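Everything on this sheet refers to the single structure shown next.
The values are calculated or read from the model by the stated rules, or taken from the named source; none is laboratory data. Small disclaimer: the values here were computed from a predicted structure and weren't measured. Methodologically, a virtual Cβ is constructed for each residue, glycine included, from the backbone with ideal geometry; neighbour enumeration extends over all protein chains shown. Remember, those area values only see protein heavy atoms, side chains included, never the ligands or the DNA or RNA. Shrake-Rupley method; radii C 1.70, N 1.55, O 1.52, S 1.80 Å.
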Amino acid sequence: MNEPFAQGEDHPACGTCPSKRLPRDAFVVYDRPSWECPFDPADGFRYTADRTPACVHPHKVGLEPDRIAPPPKDLPAAEPGATPRRRRGWLPSSFRDADLRVHLVEAPG
């Protein structure tokens with residue numbers, strides 16, 4: 001059977017889901033999006049490392065996940081940067097507004 005798993009225009013599967021173009025035995029289902037199955041910018045679909053198409057929304061296609069996505073990768077530690085210098089004469093707007101109100105109130109009438 002070569003029919004796509006998800007049939008019909010009203011099926012809730014995403015537009016890029018392999019279930020809309022492939023039979024069930026031709027793709028894997030992850031429990032959520034993962035770095036293990038990133039988008040391929042060449043065609044906009046998700047693939048595993050061995051180029052197996054991947055679905056990442058099992059609740060939309062009504063299937064149990066075949067694979068559990070690993071935890072997100074830790075981001076590299078940010079390098080400490082130089083503290084930005086304040087520009088001469090710069091004040092936060094809250095100080096400028098407060099200063100303006102003081103001058104308006106204290107101005108001779």
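Restricted to the range 49-74, and to residues that are farther than 26 Å from Asp10 by Cβ, at pLDDT below 95 and touching a strand residue (DSSP E or B) at 6+ places or on another chain (Cβ under 9 Å), which residue is least open to solvent (accessible area, probe 1.4 Å)?
Per the stated criteria, the residue is Ala69.
Considering the range 11-40 alone, what residues qualify as being of a type in the set (Lys, Arg), over 11 Å from Val61 (Cα atoms) and surrounded by 14 or more Cβ atoms within 10 Å (Cβ to Cβ)?
Arg21
For the structure I just gave you, tell me whether Glu9 is in a loop (DSSP other than H, G, I, E, B), closer than 24 Å to Ile68 by Cβ and charged (D, E, K, R).
Criteria not met by Glu9.
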